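Colleague: Quick one: the structure is below, questions incoming.
Here, each number is a calculation from the coordinates, and none is a lab measurement. Model, not experiment: these values are computed from the prediction. Note that each Cβ is placed from the backbone with ideal geometry, even for glycine, and that neighbours are counted across all protein chains shown.
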Amino acid sequence: MKLGELAARLNCRCEGPEDLDITGVAGMDEAQAGEITFLSNPKYLPKLSTTRAGAIIAGSEVNALGKPVLRSPDPYLSFAHAVEIFYPPQRPPAGIHPTAVIAPGVKLGRNASIGPYVVIEAGAELGEDCVLKSFAMIYPGVKIGHRFFAHSHAVVRENVRIGNDVTLQNGVVIGGDGFGFVPRPDGTFYKIVQAGIVVIEDGVEIQSNSCIDRAAVGETRLRRGVKVDNLVQVAHGCDIGENSLLCSQVGVSGSARLGRNVILTGQVGVAGHLNIGDHVIATPQSGIPNDVRAHATVSGSPAVDHDVWLKASAVYRRLPEMFAAYRKVKDLLAKPQVKS
């Protein structure tokens with residue numbers, strides 16, 4: 001593809017030879033001549049002098065050091081679109097593999113692609129253009145919208161509701177039992193029947209080996225546009241707000257409520273029955289025991305305002321020398337005073 005054509009398709013301004021051949025996309029370190037890369041984070045500016053890429057996608061303020069450049073108001077997003085141009089997503093052909101087991105009365109929309117050893121149980125309904133890869137499992141009574149994509153070994157449990165344009169990566173479990181047990185006088189635990197459901201709204205993607213538990217009563221809900229990383233646990237009765245991001249190894253305890261555009265970074269833990277406001281960011285390994293106001297950034301365990309945590313962290317690094325000074329003062333005060 002010519003650089004000028006790529007610029008037009010990405011709605012970017014081309015600075016450089018429009019007839020330059022672009023054969024693919026790559027990161028700044030991996031890119032070769034003929035490939036295009038991108039720069040969105042200023043910390044990678046020094047890589048402009050070493051990258052072998054044939055062209056760069058960058059913002060209007062970046063000095064491209066004479067390299068051909070496509071100017072974009074959002075280089076990262078433009079790069080994402082460029083990847084789609086050169087490597088369009090592959091959809092398997094429509095059809096039902098002969099080893100699939102589909103119960104009588106299941107409703108499949110047009111152009112379904114059902115892979116080997118898929119099981120779809122009674123009363124399930126799937127919309128148009130759905131793809132179920134090998135060994136995917138759909139339990140009874142599930143209702144799924146259009147353009148659903150379940151990768152191998154994804155499981156959707158009974159009576160779950162899923163909207164349009166939802167993707168489940170490998171090993172995802174939607175609607176497994178919530179962790180509900182009542183202690184008995186003899187020290188054993190009595191299981192609470194998990195009679196609720198899970199609702200997944202439009203445009204949600206859940207990545208590999210994450211679990212979204214059903215509610216004991218009522219519902220667990222992931223709202224429109226939520227993105228869930230690998231190895232995430234969302235417990236029973238939670239409500240995850242629109243366009244929130246749950247990064248790898250996040251755990252959200254039962255009945256927690258997250259607002260819109262919340263970002264929980266890696267290994268964040270959220271206690272149950274609390275509320276996190278819109279646009280909150282929790283930095284890695286934060287432990288959140290209490291409600292968090294909207295637009296806050298929190299860090300640490302227990303989580304506090306990020307600025308407070310930075311100051312506390314600075315003091316923590318100085319504790320050994322502070323303690324040594326304290327001991328010297330303590331020893332001086334402990335010496336007997338010589339009377340004149």
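Colleague: Of all the residues that make up the range 92-116, how many are exposed (fewer than 15 other Cβ atoms within 10 Å of the Cβ) and either in contact with a Ser or Thr (Cβ under 7 Å, 6 or more places away or on another chain) or outside any loop (DSSP other than H, G, I, E, B) (or both)?
Modeller: Of the residues in the range 92-116, 7 are exposed (fewer than 15 other Cβ atoms within 10 Å of the Cβ) and either in contact with a Ser or Thr (Cβ under 7 Å, 6 or more places away or on another chain) or outside any loop (DSSP other than H, G, I, E, B) (or both).
Colleague: Among the residues of the range 213-227, which ones are in contact (Cβ under 8 Å) with a residue 40 or more places away in the chain and assigned to a loop (DSSP other than H, G, I, E, B)?
Modeller: Arg214, Arg224
Colleague: Moving to a separate point now. Return yes or no: is Ala294 of a type outside the set (Asp, Glu), without any contact (Cβ under 8 Å) to a residue 24 or more places away in the chain and in contact with a Gly (Cβ under 7 Å, 6 or more places away or on another chain)?
Modeller: Values: of a type outside the set (Asp, Glu): yes; without any contact (Cβ under 8 Å) to a residue 24 or more places away in the chain: no; in contact with a Gly (Cβ under 7 Å, 6 or more places away or on another chain): yes.
No; evaluated as a whole, the condition is false for this residue.
Colleague: Any idea which of Gly123, Gly127 is more than 18 Å from Val234 (Cβ to Cβ) and touching a His at 6+ places or on another chain (Cβ under 8 Å)? Walk me through it before giving the result.
Modeller: Details: Gly123 fails: touching a His at 6+ places or on another chain (Cβ under 8 Å).
Answer to the selection: Gly127.
Colleague: A follow-up question, please. Quick one: count up the residues across the range 34-50 that are under 27 Å from the mean Cα position of the chain (by Cα) and of a type outside the set (A, V, I, L, M, F, W, C).
Modeller: 6
Colleague: Determine which single condition Val199 fails, assuming it passes every other condition in (1) within 29 Å of the chain's Cα centre (by Cα); (2) assigned to a strand (DSSP E or B); (3) farther than 20 Å from Ile240 by Cα.
Modeller: Single failed check for Val199: (3).
Colleague: Let me ask something else. I'd like the residue in the range 161-212 that is of a type in the set (Ser, Thr, Tyr) and without any contact (Cβ under 8 Å) to a residue 12 or more places away in the chain and, out of all such residues, is nearest to Gln90 (Cα to Cα).
Modeller: Restricting attention to the range 161-212, the residues satisfying the condition of being of a type in the set (Ser, Thr, Tyr) are 167, 188, 190, 208, 210.
With the extra rule that they be without any contact (Cβ under 8 Å) to a residue 12 or more places away in the chain, the set shrinks to 188, 190.
On the way: Thr188: 50, Tyr190: 47 Å.
That would be Tyr190.
Colleague: Right, here's the next one. So which residues in the range 40-54 are touching a Gly at 6+ places or on another chain (Cβ under 8 Å) and closer than 12 Å to Pro75 by Cβ, if there are any at all?
Modeller: Of all residues in the range 40-54, those touching a Gly at 6+ places or on another chain (Cβ under 8 Å) come to 40, 54.
Within the range 40-54, Ser40 is the sole residue that qualifies.
Colleague: Considering only the range 55-79, state which residues are in contact with a strand residue (DSSP E or B) (Cβ under 6 Å, 6 or more places away or on another chain) and in a loop (DSSP other than H, G, I, E, B). Outline the logic, then answer.
Modeller: To start, the set of residues in the range 55-79 that are in contact with a strand residue (DSSP E or B) (Cβ under 6 Å, 6 or more places away or on another chain) comprises 55-58, 60, 64, 67-72, 75, 78-79.
Once the filter is applied, which keeps residues that are in contact with a strand residue (DSSP E or B) (Cβ under 6 Å, 6 or more places away or on another chain) and in a loop (DSSP other than H, G, I, E, B), the range 55-79 yields Ser60, Ala64, Lys67, Pro68, Ser72.
Colleague: How many of the residues making up the range 1-56 are out of contact with any Ser or Thr (no Cβ under 7 Å at 6 or more places or on another chain), among the hydroxyl-bearing types (Ser, Thr, Tyr) and surrounded by 15 or more Cβ atoms within 10 Å (Cβ to Cβ)?
Modeller: Of the residues in the range 1-56, 2 are out of contact with any Ser or Thr (no Cβ under 7 Å at 6 or more places or on another chain), among the hydroxyl-bearing types (Ser, Thr, Tyr) and surrounded by 15 or more Cβ atoms within 10 Å (Cβ to Cβ).
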